[in-house]
Amino acid sequence: MTSGTQTSGSGDIARTLDLLWDTGRRPSRGPKPGLTLERIVETAVDIADREGLDAVSMRRIATELGTGTMSLYRYVPGKGELLDLMLDRVQRPSDDPAGLGDGGWRAALEALGRATLALYRRHPWLLEVNQSRPILGPSALDGMEKVLSRIRTMGLSDPELVSAIIMIEGYVVGAARTQLYQEEAERKSGLTDAEFWEAQRPVLEKAMHSGRYPVLASLSEDAFGSDFDHFEFGLQRILDGLEVCVAARAAAGDTADRAHRAAGTACATAEGGASAATPEQPS
């Protein structure tokens, strides 16, 4: 994983939107038959998947496709626009984190979390991109539409629904980054995770027997074991918290409805009583 960060939306926004939504002028046939924007983007994604985002360049893509570099510029202006096309490409239905299956809002967000983690596992270069200002293409909007349509039953406000999605995705990004860093550390050091901790064991055992860390020393042997699924535990606790929020909101709504109905009944009773107490006026 590179130490640099690339930013979505860094190219010509209008041109990128034209390419994403297919609203711009199509290039005439290039000098190489079969060369298309789709092939260019897919090749860029494949290079990034194998070697990281820094390996993606117009020259490298042209080499992979067996064409001249200048031929690519007939289809895409530059790497900034290409990056946004790549981001939208990996969110298409086959890679879409919004394949939510059946069930209620909790099942939908649970599936979103797991599928988004899988997306980052397939395309680790996504962690190298600052997506705080994304260019929204059809794949991104398709995914958001599917998720929102499934979680509207939560009874939250629209900003809160969006926040629930952001909450899940933020958690997943952190978990995906931790996993990637662990794998990168193992690859660069040549030590497996087990070998790394075994090298520290003598010093750590001595520290635990010193009496300085009574709580740590009291933990079970499997407290830091690799068998525990930290990602799943965290995901479920986030969903538990949302469950409490949804239930509280529903209860507050029921209370408000009952109060509204009671007020309406009292008003009707008062109006009836007032009508009965008012003497008829002579005609």
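The values are calculated or read from the model by the stated rules, or taken from the named source; none is laboratory data. Quick caveat, the model's predicted, so the values are computed rather than measured. We place every Cβ from the backbone using ideal geometry, glycine too, and count neighbours over all the protein chains shown. These accessible areas exclude ligands, DNA and RNA; they are computed on the full protein's heavy atoms, side chains included. Shrake-Rupley method; radii C 1.70, N 1.55, O 1.52, S 1.80 Å.
Considering only residues in segment 134-151 that are at pLDDT below 95 and open to solvent by 80 Å² or more (accessible area, probe 1.4 Å), the one that is farthest from ALA14 (Cα to Cα) turns out to be LYS146.
Restricting the first residue to segment 169-186 and requiring it to be without any contact (Cβ under 8 Å) to a residue 40 or more places away in the chain and surrounded by 12 or more Cβ atoms within 10 Å (Cβ to Cβ), which pairs with a second residue that is not in a helix (DSSP H, G or I) and not hydrophobic (A, V, I, L, M, F, W, C) meet a Cβ separation below 9 Å and a spacing of at least six or different chains? If the second residue must be not in a helix (DSSP H, G or I) and not hydrophobic (A, V, I, L, M, F, W, C), the pairs left are GLU186/THR192. For segment 159-173, which residues satisfy the criterion of being under 11 Å from the mean Cα position of the chain (by Cα) and either of a type in the set (A, V, I, L, M, F, W, C) or over 16 Å from LYS146 (Cα atoms) (or both)? Matches in segment 159-173: ALA164, ILE165, ILE166, MET167, ILE168, GLY170, TYR171, VAL172, VAL173. Within segment 231-254, if we keep just the residues that are touching a residue at least 24 places away in the same chain (Cβ under 8 Å) and over 18 Å from the mean Cα position of the chain (by Cα), the residue that is nearest to ASP193 (Cα to Cα) turns out to be GLU243.
Among the residues of this structure, VAL76 counts as one that is among the β-branched types (Val, Ile, Thr), at pLDDT 95 or above and touching a Leu at 6+ places or on another chain (Cβ under 6 Å).
Determine, yes or no, whether LEU100 is in a loop (DSSP other than H, G, I, E, B), open to solvent by less than 70 Å² (accessible area, probe 1.4 Å) and of a type in the set (A, V, I, L, M). The answer is yes for LEU100.
No other residue among ALA176, ALA223, ALA207, ALA194 is over 28 Å from the mean Cα position of the chain (by Cα) and under 30 Å from ARG106 (Cβ atoms) apart from ALA223.
The condition of being in a helix (DSSP H, G or I), among the small types (Gly, Ala, Ser) and open to solvent by 20 Å² or more (accessible area, probe 1.4 Å) holds for only one of ALA118, ALA48, ALA44, ALA108, that being ALA118. The condition (being in contact with a strand residue (DSSP E or B) (Cβ under 7 Å, 6 or more places away or on another chain) and either surrounded by fewer than 17 Cβ atoms within 10 Å (Cβ to Cβ) or under 23 Å from ASP54 (Cα atoms) (or both)) is satisfied by just one residue among VAL162, VAL129: VAL129.
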